[in-house]
1. Filter region 72-92 for residues that are closer than 18 Å to MET133 by Cβ, open to solvent by less than 20 Å² (accessible area, probe 1.4 Å) and of a type in the set (A, V, I, L, M) and give the result.
2. Would you please list the contacts, defined by Cβ atoms under 6 Å and residues six or more apart or on different chains, that run from a residue in region 42-61 that is under 14 Å from CYS83 (Cα atoms) to a residue that is open to solvent by 10 Å² or more (accessible area, probe 1.4 Å) and hydroxyl-bearing (Ser, Thr, Tyr)?
3. What's the number of the only condition in (1) under 30 Å from PRO204 (Cα atoms); (2) of a type in the set (A, V, I, L, M, F, W, C); (3) loosely packed, with under 15 Cβ neighbours inside 10 Å that VAL98 fails to meet?
4. In region 73-187, which helices (runs of 4 or more DSSP H) lie fully inside it and hold 1 or more residues that are touching a strand residue (DSSP E or B) at 6+ places or on another chain (Cβ under 8 Å) and of a type in the set (A, V, I, L, M)?
5. Does region 110-120 include one or more residues that are among the aliphatic types (A, V, I, L, M), surrounded by 13 or more Cβ atoms within 10 Å (Cβ to Cβ) and touching a residue at least 12 places away in the same chain (Cβ under 8 Å)?
6. When you check GLU54 against the structure, is it over 15 Å from ARG113 (Cβ atoms), assigned to a helix (DSSP H, G or I) and open to solvent by 70 Å² or more (accessible area, probe 1.4 Å), yes or no?
7. Quickly run through region 161-174 and pick out the residues that are open to solvent by less than 40 Å² (accessible area, probe 1.4 Å) and over 16 Å from PHE193 (Cβ atoms).
8. From the set of residues in region 193-202 that are open to solvent by 60 Å² or more (accessible area, probe 1.4 Å) and at pLDDT 95 or above, which is nearest to GLU155 (Cα to Cα)?
Amino acid sequence: HMVEYLLEQQRLTREEGYWRLSGDLTTDVVPDTLQRLILAQFHSLPSEQQQVLEAASIVGPVFSAASVAAALQRLPEVIEENCDRLVQHGQFLRELGVATWPDGTVNSQYGFRHALYPEVLYQRMSAGRRVRMHRAIGLCEELGYGAQAGERAAELARHFTQGHDIPRAVQYLLQAGQNALRLSAHVEALSRFTQGLTLLTAQPETPERTQQEVGLQIGVGVAQMATKGF
């Protein structure tokens, strides 16, 4: 399906005996035929399992039962029961074992069987539902990781950005940029700091905002000196 779609769009061409892809292949490139196939499978499921899969698509290709439970305001046991049924029937999900969060929360973990599943399901939801779920998941994971939340700064920044919680989003973008600097991932760090500065433009002038901006600007300077020179 993907190859036929790319050929039709003239994004896959034959050059000197090799196939060449023009442009970036992002996850939002899903042929209509494949979307219809995925959605047909999705609509054949009970409504409760549909809701679980939609919430799971907000978390990402790999997710924990506790995060989905927070998005749907359900008990984790209910989420696990529905996920286990999907795993047993070989539909959408596979089981990935158990993980324990720093606050002691024991999580069953699952993953989508293909990366296109969460992409299609995510796009079918209304913008308002996505915002609410992103925020609920971010708050749940922030609480669950506690003092170690900074280690998941990039993921939390994504949830709070999409959840329109700008102060938290900027906080974790700053942390994510600093994490990237420690790993000498200067291009990634620059992207995080720049995104944080863009979000700050919509915030009112306060001492906290100024302090965050100073931290982000310093991070930009460090990343640019490493990539472009003094």
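The values are calculated or read from the model by the stated rules, or taken from the named source; none is laboratory data. Predicted, not measured: the structure shown is a model, and the values here were computed from it. Methodologically, a virtual Cβ is constructed for each residue, glycine included, from the backbone with ideal geometry; neighbour enumeration extends over all protein chains shown. Remember, those area values only see protein heavy atoms, side chains included, never the ligands or the DNA or RNA. Shrake-Rupley method; radii C 1.70, N 1.55, O 1.52, S 1.80 Å.
1. ILE79
2. If the second residue must be open to solvent by 10 Å² or more (accessible area, probe 1.4 Å) and hydroxyl-bearing (Ser, Thr, Tyr), the pairs left are SER57/TYR122.
3. Of the numbered conditions (1) under 30 Å from PRO204 (Cα atoms); (2) of a type in the set (A, V, I, L, M, F, W, C); (3) loosely packed, with under 15 Cβ neighbours inside 10 Å, the odd one out for VAL98 is (1).
4. Values: elements: 76-88, 116-124, 127-145, 153-162, 166-182.
Filter on region 73-187 gives 76-88.
5. yes
6. Values: over 15 Å from ARG113 (Cβ atoms): yes; assigned to a helix (DSSP H, G or I): yes; open to solvent by 70 Å² or more (accessible area, probe 1.4 Å): no.
No.
7. Once the filter is applied, which keeps residues that are open to solvent by less than 40 Å² (accessible area, probe 1.4 Å) and over 16 Å from PHE193 (Cβ atoms), region 161-174 yields GLY163, ASP165.
8. Here is the first cut: in region 193-202, the residues open to solvent by 60 Å² or more (accessible area, probe 1.4 Å) are 194-195, 198, 201-202.
With the extra rule that they be at pLDDT 95 or above, the set shrinks to 194-195, 198.
Details: THR194: 17, GLN195: 14, THR198: 18 Å.
Once the filter is applied, the top-ranked residue is GLN195.
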